[in-house]
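Inspection log for the structure reproduced underneath, given as structure tokens.
Every number in this text was worked out from the coordinates using simple rules, so none of it is lab data. Please read all numbers here as calculations on a predicted model, not as lab measurements. As a convention, Cβ positions derive from the backbone with ideal geometry for all residues, glycine included, and neighbour counts pool all protein chains shown.
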Amino acid sequence: MDNKWIETPLPELYSRLAAAPFYIIQLILCIGYLIFTRKEKGCLIVIGKIYCFFIVINYMVALYFRFF
């Protein structure tokens, strides 16, 4: 079994995440969720918002490692 991804440094893995098509689709869906539920309140909505913020922040970190 080839385990090259284990030896790959974390910044390089993050830079690959910035160009991953499924992650970009997930990011678009999360941004849409944040826009459409910005005035909603409730426990499940807040959990979804926290998840979406995590996805957006994670993508921003990936873009940082991609370009810098």
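See the values below:
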item: Under 13 Å, Cβ to Cβ, from Glu12 - net charge with Lys/Arg +1 and Asp/Glu -1; result: +2
item: With eigenvalues of the C-alpha gyration tensor scaled by 5 and rooted, the stretch 26-68, Å; result: 24, 10, 6
item: HN-Hα J in Hz across the stretch 28-34 - Karplus 6.51, -1.76, 1.60, θ = phi - 60°, x for Gly and Pro; result: 5, 5, 5, 5, x, 4, 5
item: Cleavage-rule hits, trypsin sites (Lys or Arg not before Pro), the chain, DSSP coil, Cβ neighbours within 10 Å at most 16; result: Arg38, Lys39, Lys41
item: Hz values of 3J(HN,Hα) by residue in the stretch 4-13 - Karplus curve (6.51, -1.76, 1.60), Gly and Pro given as x; result: 5, 5, 5, 7, 6, x, 4, x, 5, 5
item: All-pairs alpha carbon distance profile, the stretch 1-45, 5 Å steps from 0, percent; result: 5, 17, 15, 15, 13, 11, 10, 7, 5, 1
